[in-house]
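In what follows, a single structure is set out as structure tokens and then discussed.
The values are calculated or read from the model by the stated rules, or taken from the named source; none is laboratory data. These numbers come from a predicted model, not from an experiment. Don't worry about glycine lacking a Cβ; one is built from the backbone with ideal geometry, like all the others, and counts go over all protein chains shown. When the accessible area is computed, the model is the full protein with side chains, heavy atoms only, and any ligands, DNA or RNA have been set aside. Shrake-Rupley method; radii C 1.70, N 1.55, O 1.52, S 1.80 Å.
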Amino acid sequence: MANDQPFIVFGAPDIQSDEIEEVVASLQARWIGTGPKVAQFERDFAAYAGVADNRVAAVNSCTAALHVSMIAAGLPQDAEVLTTAMTFCATANAIIHAGATPVPVDIDPDTLNIDIGRAEQHITPHTRAIVPVHFAGRPCDMDELMAFADRHDLLVIEDCAHAIESEWRGKRMGTFGNFGCFSFYATKNVVTGEGGLVLARSNDDIDRIKVLALHGMSKDAWKRFSDDGYRHYDVVEAGFKYNMMDLQAALGIHQLRRVETSHARRETIWKLYQDAFTDLPVSRPLDPAADTRHAFHLYTLRIDAARCGLSRDEFIDRMTAAGIGVGVHYRSLPEHTYYQEQFGWKADDYPAAKAFGEQTVSLPLGPGLTDAEVGRIIDTVSGLLER
Ligand SMILES: *Cc1c(COP(=O)(O)O)cnc(C)c1O
């Protein structure tokens, strides 16, 4: 296979001159911490999501967003929080750091989202919240999920790390639950390097989250060094250091302006893959459901060794040898040592998540991929899997 061509890095961000110049402008202005650009990014994101400015708070990761949301939710220490067995570890870790116990639920093997039918079986008198993930950018069935949450009086904290652009029946993800948490990590759909944001139903929760995310200092403490003159702050609770910097927001402001063009490019690539791999002995993702919008964050194939003649890990090695970086999203949560030892989770109790985690591989889907690179990826995948 031709491996004299440049390596295609999985999840490489598409960084353009607008954001580079904005970062340089921040550096030259000498205001690089939390300041006016973070405030602008928050306003821009609120406008994109169609909510009021006082319902969003930028932070320095989605993990931080999940953590402070969980604290603002006021979960009691014996709370159990349902989440999907097929997610990044940060989803579960944030629940743990908020003092609650995560309870994984198996996925629907087709949608790859939390299986609400199975979630019923995990309800106990301690269940207080549910943290769905809109996997790969495909929205969860929010009619079913919100009805389930209402029935059991659960708070809903949406992990929208894959789902900035997703919609369920015309409504943006993150606006259904009490909280929606977004990621602007380097591989996500809008990139600030590291970065995250909370969208809350209540602006009181956002006020509390802004305090929690900056040491627990009283409101707008970041303005204390501005030209309005020094102002004393008061510490009102033991908070965290989760604030976003202007350097990060400088990237985000321009990334967000391109969110729809980047989405359109990923949709094109996603559909090219979907068509090209129709006849291969692999399972492809479901096409987007009617009356929903998919964010096209990941394109995942399932490599079943019995059908493909090679294992998922062999496939990864051959792709890498061919100069194409791929990802695995994810091994199921219950397969990890810590959760097994701490909570006694058994991977075999989550068969759909386990099987997907053993077979899944994510192909490059960045908006910066050229047509030639997409063609090279399609040819390489087809060459490895055609029988
Ligand atoms: C990336 C990701 C996170 C964590 O986001 P960070 O911004 O890196 O903290 C959480 N959940 C899911 C599903 C993710 O993909």
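Figure legend. Inter-residue proximity from the stretch 62-90: first residues closer than 19 Å to Thr124 by Cα and of a type in the set (Lys, Arg), second residues modelled with pLDDT of 95 or more and part of a helix (DSSP H, G or I), beta-carbon distance below 8 Å, spacing 6+ or different chains. No pairs are indicated.
Highlighted here are the helices (runs of 4 or more DSSP H) found entirely within the stretch 54-159 that include at least 3 residues which are away from the ligand (no atom under 14 Å from the Cβ) and farther than 21 Å from Glu341 by Cβ: 116-119, 142-151. Among the residues making up the stretch 164-201, those that are over 23 Å from Gly33 (Cβ atoms), touching a residue at least 60 places away in the same chain (Cβ under 8 Å) and open to solvent by 10 Å² or more (accessible area, probe 1.4 Å) are Glu167, Trp168, Arg169, Gly170, Arg172, Thr175, Asn178, Thr187, Asn189, Arg201.
Residue check: Thr337 meets all listed conditions (1) without any contact (Cβ under 8 Å) to a residue 12 or more places away in the chain; (2) open to solvent by less than 50 Å² (accessible area, probe 1.4 Å); (3) closer than 28 Å to Asp115 by Cα but one, namely (2).
Screening the stretch 305-382 for helices (runs of 4 or more DSSP H) wholly inside it with 3 or more residues that are within 16 Å of the ligand (Cβ to nearest atom) and of a type outside the set (Ser, Thr, Tyr) returns the ranges 351-359.
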